[in-house]
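If you scroll down you'll find the structure; I have some questions about it.
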Amino acid sequence: MGNDHYDVLVIGSGPGGATTAARVAETGKRVLLLERGDFLPRERDNWDSHAVFGTGKYTADETFYDRHDRPFQPELHYYVGGNSKVYGAALFRLLPQDFGEVQHPNGVAPAWPLTYEDMEPYYGRAEQLFWVHGQHGEDPFAGSSSQEYKHPPVAHEPHIQEISDGLQGLGLHPFHLPLGVQLEQDAHGMPTRESLCLRCDRIDGFPCPVGAKADAETAVLRPALATHPNLQLMTQTTVERVLTDNADGSARGVAVTLADGSSHVFTADIVVLSAGAILSAALLLKSATEKQPQGLANSSDMVGRNYMCHNNLALIAFSRKPNPTVFQKTLALNDFYGPSDAWAYPMGNIQMLGKSDDWQLKGAAPRGLAWAPSAPYAQVAKHSVDFWLCSEDIPLADSRVTLRPDGAIKLALQPNNNVEAVMRLRHTFQEKLTKLGMVHMRSVRSLYLHKGFEAAATAHQAGTVRFGTNPSASVLDVNCKAHDLDNLYVVDGSFMPSIGAVNPTLTIIANALRVGDRIAERIGTTGGQPSTATQPAQPGAIT
Ligand SMILES: Cc1cc2nc3c(=O)[nH]c(=O)nc-3n(C[C@H](O)[C@H](O)[C@H](O)COP(=O)(O)OP(=O)(O)OC[C@H]3O[C@@H](n4cnc5c(N)ncnc54)[C@H](O)[C@@H]3O)c2cc1C
C-alpha cells in the first residue's frame, strides 16, 4: 500500500471531516481521509419516497441499544459525505445568545468558550463553501454578518409568500431560510424558476442524484480531491481503533478494516476524528489502553456524556385551499427563539420542510391506518403545509454513549429533557396558523424512521466530546485538540457544549474550518502556492 504514513489522517467524510481535510490539504501536506462507507449511488431510488422512507434503503444497517437495552436502528448514513447526503441543507448560524449561558425552566445550556464574534468569520466562509442562499439582515433576531451571502435567497412560491405575508401581518418576522443548494441563475444573478432544484420536492431525507444539494461530497470533497493530489480518500475503510504511542501516549495512527475484510494500520503525525458525535465517542472509548483505561482522551470521564439531539417536531398543517407549492422549504421564523411574550423561556426555531408526500403522511398516520393503500394520502398531501419545529435540549451527564460488555453501542437518553419548550412552540405556532385559516391541524409527522422511538432520532447528534477551557470538565481544548493528547483533534458535532435551537451543520462546518486553520498553522505548507478554496473570498469577489 505504499507509504502508509501521513501528515494528517482524518476519520469520517461528513461535513466536519471533509471540511477539515479539504482545508488542511491546502498546505500541500499528505492528508488521508478514511470513510467506512462508499459513494452513495446516484440512481432513480434517490428520489423514491418508498425506497427512502418505506424501506430505509440508504439508512445504515446498524443496531444501537437504548437506556433499557432495547435495540433500535439509528438514523445514520454511512457514505462519502456522511449524513449530509440525506440532510435538508438548512444551513443556519447559531444566534449570539447561544454562545452564552441560556436559562431554560429546568436547567441551563452552558456557555461556549467562544463568542459569536469569534465564530462569525468562519460562518461566512462556511456559507460560501456550502453554496448557501439567503439574506442577512432579514431576521431581526440573528447576529450580525460581516459579508452578505454569495447567493440570493430562494424565493417563496405564491402559497408560501401568502403564508409569509400572513405571519408578517400577525406581527411576526418570517425570513428566507438559508439553504445550501445549487441553482441556475438568470442574467441578474437571480435563481431561475426553471432551476432543477426548484422543480424538485425532494430534499429532507433524500439524496440528490443530480448533485444540486450542497452536501459534504459535492460541495467540498470532490472539488478538493480534484485540486489537491496530496489529499487521498479511502472508502469502505472502517477505523476500529485509534492507536497510541506507548511511550508518550500520543496518537500514532489507526487500525482499520479494509473493504476485503483484512486489517491494516495507517500512521500519522496528527489524527482528526470526525465519525459523528455518537461514533466518535464510541471510538475513543473503544481505543482504551492500559495507560488510558477509561478510553482515549477521557481523563475527565466526559467522553460520551452530554449527548444532545434537539427536541424536534415535524408539524403538518392542512389548509382547505390546496397547496400547489413544489419547492416548499423557503421560510423560517425565530420570533420564539428567545424569551417572548408567549413564554418567559426560549422555545425555538420554526422552519419549513420539503413537501410531505403520500409515503411520509402514511408513516405519520395513526396505527391501524398504516395498512391503507397510499392513494388517499396522495390527495391529502395536496393540502398539507409542512413545518419543522426545533427546541434546545440540555446537555445532561447521564444522556450518554457507552459501550455494552458485548461491545455494542448504548445510547441512553434521559427522558423529558426540556420537551415543554417544543410543545409550547407547537401550540403557540398552531394558534398563529389557525388565524391564517389553517385550522385542521390533524397530524404530527414523525420524520423519517424514528416514529415512536426517541433515541433513534440521531440526525442532530452533538455534544459527546465537548470543548472547553477546563480539562476536568471537557475533553477538548478551545482548538478542539484533546486536552490529554497533543496530536488528536475532533471536528464533528461532538465538540458542542450546547446546541442552540437551529440545525447544527453550518456550525460544524464553520468550526471545522477554524480547526483546519489551526492545524494548517501547526504543520506549515509544503512547496508552491497553496490553493485557497476554503478561504474567505476577497472583497469584491462576491457576486
Ligand atoms: C434526514 C436528515 C436531515 C438533516 N437535515 C439537516 C439540515 O437541514 N440542516 C442541518 O444543519 N443538519 C441536518 N441534518 C444533520 C446533518 O446531517 C449532520 O449535522 C451532519 O451530517 C453532521 O456532520 P458530521 O461531520 O459531524 O458527521 P456525519 O455526517 O455523521 O459524518 C460522519 C462520517 O463518519 C463516517 N464514519 C463513522 N464511523 C467511522 C469509522 N469508524 N471509520 C471510518 N468512517 C467512519 C460515517 O460513515 C460518516 O460518513 C440532517 C440529518 C439527517 C439524518
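The values are calculated or read from the model by the stated rules, or taken from the named source; none is laboratory data. Model, not experiment: these values are computed from the prediction. As a convention, Cβ positions derive from the backbone with ideal geometry for all residues, glycine included, and neighbour counts pool all protein chains shown. Only protein heavy atoms, including side chains, enter the accessible area calculation; ligands, DNA and RNA are left aside. Shrake-Rupley method; radii C 1.70, N 1.55, O 1.52, S 1.80 Å.
Could you tell me whether the stretch 111-122 includes any residue that is aliphatic (A, V, I, L, M), in contact with a Pro (Cβ under 8 Å, 6 or more places away or on another chain), within 11 Å of the ligand (Cβ to nearest atom) and under 27 Å from N417 (Cα atoms)?
Looking for residues that are aliphatic (A, V, I, L, M), in contact with a Pro (Cβ under 8 Å, 6 or more places away or on another chain), within 11 Å of the ligand (Cβ to nearest atom) and under 27 Å from N417 (Cα atoms), one finds none in the stretch 111-122, hence no.
Let me ask you something else. Do we find a residue being in contact with a His (Cβ under 8 Å, 6 or more places away or on another chain), among the acidic types (D, E) and buried (at least 20 other Cβ atoms within 10 Å of the Cβ) anywhere in the stretch 120-139?
yes
Same structure, new question: Among the residues of the stretch 467-495, count how many are more than 16 Å from the ligand (Cβ to nearest atom) and in contact with a Gly (Cβ under 6 Å, 6 or more places away or on another chain).
Selection size over the stretch 467-495: 1.
Taking the conditions exactly as written (assigned to a strand (DSSP E or B) and more than 19 Å from G180 (Cα to Cα)), does D7 satisfy them or not?
Considered against the rule, which asks whether it is assigned to a strand (DSSP E or B) and more than 19 Å from G180 (Cα to Cα), D7 comes out as yes.
Then there's this: Could you list, in sequence order, all residues of the stretch 226-251 that are surrounded by fewer than 20 Cβ atoms within 10 Å (Cβ to Cβ) and either aromatic (F, W, Y) or away from the ligand (no atom under 15 Å from the Cβ) (or both)?
A226, T227, P229, N230, D245, N246, A247, D248, G249, S250
Search the stretch 67-80 for residues that are within 30 Å of L221 (Cβ to Cβ) and open to solvent by 80 Å² or more (accessible area, probe 1.4 Å) and pair each with any residue that is within 16 Å of the ligand (Cβ to nearest atom) and modelled with pLDDT under 95 when their beta-carbon atoms are under 8 Å apart and the residues are at least 6 apart or on different chains.
If the second residue must be within 16 Å of the ligand (Cβ to nearest atom) and modelled with pLDDT under 95, the pairs left are Q73/G56; Q73/L449; Q73/A456.
Given the conditions (1) touching a helix residue (DSSP H, G or I) at 6+ places or on another chain (Cβ under 8 Å); (2) more than 15 Å from the ligand (Cβ to nearest atom), which single one is not true for R44?
Every condition holds for R44 apart from (1).
Which one of these is closer than 30 Å to A381 by Cβ and surrounded by 18 or more Cβ atoms within 10 Å (Cβ to Cβ): N306, N311?
Only one candidate passes the filter, namely N311.
Would you check which residues across the stretch 81-106 are out of contact with any strand residue (DSSP E or B) (no Cβ under 6 Å at 6 or more places or on another chain), assigned to a loop (DSSP other than H, G, I, E, B) and either within 11 Å of the ligand (Cβ to nearest atom) or closer than 27 Å to Q147 by Cα (or both) and list them?
Correct list: G81, V86, Y87, G88, F92, R93, L94, L95, G100.
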